[in-house]
1. List the pair-distance distribution P(r) of segment 41-152, using every Cα-Cα distance, as the percent of pairs falling in each 10 Å bin from 0 up to the bin containing the longest distance, rounded to whole percents.
2. Stretched out fully, how many nm does the piece from residue 134 to residue 105 gain, at 0.36 nm a residue minus the Cα gap?
3. Multiply the residue separation of residue 115 and residue 143 by 0.36 nm, subtract the distance between their alpha-carbon atoms, and state the gained length in nm to one decimal.
4. With every protein chain present, what is the per residue accessible area of segment 65-152 (1.4 Å probe, Å²)?
5. Could you order 134, 97 by accessible surface area, starting with the largest, using a probe radius of 1.4 Å?
Amino acid sequence: LRKALENKLKGLQSNSRETASERVRSDEHYRAHGGRIERIRDVDFHALWNPPARQHQALLAKYVSRQYLDNTNSKERSLSDYYVQDLRASYTIKSKVIKETTLIFQLNNIFNEKYEPNGATYPYIYSGTIQNEVYLYPMAGMNFMAGVNVKF
């Protein structure tokens, strides 16, 4: 069990370093700061995951600013800005019979954001007054897709 766990975590690397050093940048800097020696402290932490070449993960982000539905630039006839993130993972299997099979899984809108990326406006006159209808088309909340790609 330990050997299997070590193999799974083989790609996970962490690097933490902390250094403290004293230095004088230049004679002018030394004089400008009243002859003090400046203490520099550097703290760094990295956590990296290097999956095998047959795996792929991606965090996809999309930001769209306010969109106007017509040429009036009216806030009442516009779509609000939105930000969504998706997560995608794939795994490729190679064999002699089938050249390559890729399994794909994507989780869309991982923060379950409520937004409308599309809409329409329809102005018309009714009983002598202008009516402005606005139609918005909401997107799904969190959802997923799965797929298989096969190469022969």
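1. 11, 25, 22, 19, 14, 6, 3, 0
2. Details: separation 29, 0.36 × 29 = 10.44 nm, distance 3.53 nm.
Gain in length upon complete extension: 6.9 nm.
3. Length difference between fully extended and current span is 8.7 nm.
4. It amounts to 75 Å² per residue over segment 65-152.
5. Values: 134 55, 97 135 Å².
Greatest to least solvent exposure: 97, 134.
The values are calculated or read from the model by the stated rules, or taken from the named source; none is laboratory data. Nothing here was measured: the structure is a model prediction, and the numbers come from that model. Calculation scope for accessible area: heavy atoms of the full protein, side chains included, ligands and nucleic acids excluded. Shrake-Rupley method; radii C 1.70, N 1.55, O 1.52, S 1.80 Å.
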